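Only one structure is covered here, and it is reproduced in the block below.
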Amino acid sequence: MKLILTTDVPGLGAPGDIVEVRDGYGRNFLLPQSKAIVATKGAEKQVATIKRAQLAREIRGTEHANEVKQALEKLTVSITARTTGDGTKLFGSITTVDVAAAIKAAGGPSVDKRTIETGGHIKSIGSHPVSVKLHPGVTANVALVVKAG
């Protein structure tokens, strides 16, 4: 059975890989748990376009990662959020998606939300340290300022 993996399966492959597995393994484990989809010509074309887009966004080495790190560390990223009655706590929290959008809006490079580490939930007004893992061994520290809105 020919399948396209949608998640990382240990010992089998990474997302987007086209694998050949036994019928029972695919039908009874991979497909019901949404770890794979059946490989059709349309699905294979879609996977190819997704991989091309990922390669375009991917950081291509330590030199490129260091350039992006310098660009990120120059930025001061600010987010305006709603607060509670006392004015110090937020309704909800600031997520990595919010941080990635704020970095892009501040003129920085586009950063994947999965590479951002906030050190826990950001639920208060003020300055918070945020790290962005760009490449193995290269991490950028970004100053995040949360303001009341």
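For region 56-64, the criterion of being out of contact with any Phe, Trp or Tyr (no Cβ under 8 Å at 6 or more places or on another chain), surrounded by 14 or more Cβ atoms within 10 Å (Cβ to Cβ), modelled with pLDDT under 85 and not polar (S, T, N, Q) is met by at least one residue. Do you know which residues across region 72-125 are polar (S, T, N, Q), in a strand (DSSP E or B) and closer than 12 Å to residue 148 by Cα? Correct list: 78, 80, 83, 124. One residue stands out in region 112-147 among those that are touching a residue at least 24 places away in the same chain (Cβ under 8 Å) and open to solvent by 60 Å² or more (accessible area, probe 1.4 Å): the one that is farthest from residue 71 (Cα to Cα), namely 123. Just need a number here: residues in region 56-69 that are touching a strand residue (DSSP E or B) at 6+ places or on another chain (Cβ under 8 Å) and either in a loop (DSSP other than H, G, I, E, B) or within 14 Å of residue 141 (Cα to Cα) (or both). The qualifying residues number 6.
All conditions in (1) farther than 25 Å from residue 54 by Cβ; (2) assigned to a helix (DSSP H, G or I) hold for residue 147, with the sole exception of (2).
Among the numbered conditions (1) crowded, with 17+ Cβ neighbours inside 10 Å; (2) closer than 30 Å to residue 148 by Cβ; (3) in contact with a helix residue (DSSP H, G or I) (Cβ under 8 Å, 6 or more places away or on another chain), the only one that residue 21 does not meet is (2). Taking each residue of region 13-29 that is at pLDDT 85 or above and looking for partners that are basic (Lys, Arg) and not in a helix (DSSP H, G or I) with beta-carbon atoms closer than 8 Å, six or more apart or interchain, yields 18/2; 19/2; 20/2; 29/35.
If you go through region 70-111 and keep only what is of a type in the set (Lys, Arg) and either open to solvent by less than 60 Å² (accessible area, probe 1.4 Å) or in contact with a His (Cβ under 7 Å, 6 or more places away or on another chain) (or both), you end up with nothing. Can you pull out the residues in region 107-131 that are within 13 Å of residue 73 (Cβ to Cβ) and either touching a Lys or Arg at 6+ places or on another chain (Cβ under 6 Å) or at pLDDT 90 or above (or both)? If the condition is that a residue be within 13 Å of residue 73 (Cβ to Cβ) and either touching a Lys or Arg at 6+ places or on another chain (Cβ under 6 Å) or at pLDDT 90 or above (or both), then 129, 130, 131 are the ones that fit.
The values are calculated or read from the model by the stated rules, or taken from the named source; none is laboratory data. Bear in mind the structure is a predicted one, so any value in this text is a computation, not a measurement. As a convention, Cβ positions derive from the backbone with ideal geometry for all residues, glycine included, and neighbour counts pool all protein chains shown. Note: areas computed on protein heavy atoms with side chains; ligands, DNA, RNA excluded. Shrake-Rupley method; radii C 1.70, N 1.55, O 1.52, S 1.80 Å.
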